[in-house]
Amino acid sequence: MNKITILWVDDEIDLLKPHILFLENKNYEVVTSQSGQDALEEIKNTFFDIVFLDENMPGISGLETLTEIKKHDASIPVVMITKSEEEYIMDEAIGSKIADYLIKPVNPNQILLSLKKSLDNSRLVSEKTTSNYQQEFRKIAMDLSMVNSQEEWAELYKKLIYWELQLEEIEDSGMFEILESQKVEANSQFSKFVDKNYSEWFQESDPPVMSHTLFRKKIQPELVGNKTLLIVIDNLRYDQWLAFEETLAVHYKKKQESSYYSILPTATQYARNAIFSGLMPLDMEKQHPDWWKNDTDEGGKNLFEAEFLGAQLKRLGLDLKWEYHKISNLRQGKQLAQNFRLQKDNDLTVLVYNFVDMLSHSKTEMEVIKELASNDKAYRSLTLSWFKNSPLLEIIQQAQNMGMKLILTTDHGTINVKQPSKVIGDRETSLNLRYKTGRSLTYEDKDVLATKNPQSIHLPNINLSSSYIFAKNDLFFAYPNNYNHYVGYYRNTYQHGGVSLEEMIVPFIVLDAK
């Protein structure tokens, strides 16, 4: 293994001989320089792993030398060493992306610690993360055998996401594969839990908050005395929220982070209509037949969200000045951002943002998107990139300036589907890859949560003999006809409508303007 090579720049370098000997005894190679100009010549001719740079030198100063070093190679870690504790020097150095900042006199152990922080940081973090997950692995495995409530499942899912985000940052594919296997097992157990308990939630006195009770139980209490912006980002998973949380934190401070359960099917026409109407699909069909559309009906299925919301607000006795906006493309987003100040007098502004949904579905159609979102890590990264550059962030910035409370949520999540499950139905069967409704469905029992009586889970019967099936785990439904082409086309795409942690347990965030 090659020695780590250090360039130490100080006009009083002879006084640092004990420090240099200490580092050489630790198997580091140290090259010295007595001025910024000499240091720049050294850097042009030799590769250095790290530079220790005195700030106060004759000729060009340490800060000027730092600027020139970064121009030559921005990736070289530079540790600034100075006698001065003046704040402007610290600000200048930190603004130039130094690796560390030390105040003279420094002792050898400080130097060694700075080296480890700058050069061994990723290795040390990796080792610590791996060690911590190995300990947590046993606890998660034990929890999986015992978890038996909707609250416990939500907490376990968040724990799995936490470790997924930790492990993807380190170079230990073995640990990541172990976590992936735990997620598969968790989804298998979760599917059994939902199969056993879902219909009972509609009879319980204290069921989990679900799509149709979200507004009444979680949103309505936040509206008292606050001008509020409610954003429903279609198809947003909990891990995707975590991906852009830091970007949002510049403008808003988090007051509450929780989750709720999407209804089945975890599909937009069911779950999002349920949020705005405050009703389950069966009740929507009965009370608002002109607004509710079944899978086999012609026309858009989410065209009456504003009307559903208006009816719910009236039913709840909420006398609010409110507006509803749906953004389905970049042009609409920019237009709302330009005119957002017009919302200042509203008690409630509701914004449905469809981008993530378009992204996930377009993955099956666009090879570019397939390349960019080939796995969950890439999918999160793509979501973050979109958010940072979207009109939505501009709208949120304006909401902050207007002092609006921000509520951020979604209607359902999505899952990367990997394994096909054969299904047979007639030509009236719905087209979704994660759920099917229709007559005479033939399917693999072990692969699905099935209900032959849709009304028992408050879903409408399209006809008298209709049933629903929901894909479990990471399965997707495929017809026997043209099976191989169909499977190849949809495998490793993001879909929703079925039963999984990713689709059903979704974020609900309340934030106050900074």
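Based on DSSP H segments of at least four residues, each scored -39500 (n - 2.57), the chain has a per-residue ellipticity at 222 nm of -13000 deg cm²/dmol. Secondary structure note: in the chain, about 40% of the DSSP beta bridges are antiparallel. The Cα-based radius of gyration of the stretch 296-340, divided by its Kirkwood radius, gives an Rg/Rh of 1.08. Under the classification rounded if a/c is under 1.5, otherwise prolate if a/b is larger than b/c and oblate if not, where does the stretch 5-119 fall, given a ≥ b ≥ c as square roots of the Cα gyration tensor eigenvalues? It is rounded, given that a/c, with a ≥ b ≥ c, falls under 1.5. Within the stretch 429-484, the trypsin sites (Lys or Arg not before Pro) that combine a DSSP coil assignment with at most 13 other C-beta atoms in a 10 angstrom radius are Lys452. Phi angles across the stretch 374-380 convert, under the Karplus curve 6.51 cos²θ - 1.76 cosθ + 1.60 with θ = phi - 60°, into 3J(HN,Hα) values of 7, 8, 5, 4, 5, 5, 5 Hz, Gly and Pro given as x. Under the criterion of Cα pairs below 8 Å and six or more residues apart, the relative contact order for the stretch 369-514 equals 34 percent.
For the chain, the alpha carbon positions stretch 92, 52, 42 Å along the principal axes, listed from largest to smallest. Selection among Met404, Gln256, Leu449 by position relative to the dipole of the chain gives Leu449 as farthest towards the positive end (Cβ unit charges, Cα centre). Between the alpha-carbon centres of the stretch 431-498 and the stretch 130-173 there is a gap of 29 Å. Note on Asp73, Asp206, Asp54: ascending count of other Cβ atoms within 10 Å places them as Asp206, Asp73, Asp54, the fewest first. For the stretch 438-514, count all C-alpha to C-alpha pairs, find those more than 17 Å apart, and express that count as a whole percent of the total. It works out to 61 percent of all Cα pairs.
Computed over the chain, relative contact order equals 16 percent, with contacts defined as Cα pairs under 8 Å that lie 6+ residues apart.
Between the helical axis of 108-119 and the longest alpha-carbon principal axis of the chain there is an angle of about 40 degrees. The Cα-based radius of gyration and maximum Cα-Cα distance (Dmax) for the stretch 128-234 are 17.7, 51 Å. For the pair Leu320 and Glu155, label points projected 7 Å from Cα toward Cβ lie 3.1 nm apart.
Helix 121-146 versus the longest principal axis of the chain: what angle, 0 to 90°, nearest 10, using Cα atoms? That works out to roughly 30 degrees.
For the stretch 428-507, applying the loop criterion from DSSP together with a ceiling of 16 other beta carbons within 10 Å to the GluC sites (Glu not before Pro) yields Glu428, Glu444. The ranking of Tyr157, Tyr270 from fewest to most other beta carbons within 10 Å of each one's beta carbon is Tyr157, Tyr270. Note on the stretch 13-52 and the stretch 242-321: Cα centroid distance 63 Å, given to the nearest whole angstrom. Helix 173-197 and the longest principal axis of the Cα set of the chain meet at an angle near 20°.
Rule-based calculations on the coordinates, nothing more; no lab input. Since the structure is predicted, the reported quantities are computational estimates derived from the model, not experimental observations. All Cβ positions, even for glycine, are placed from backbone atoms using ideal geometry, and neighbour counts span all protein chains on display.
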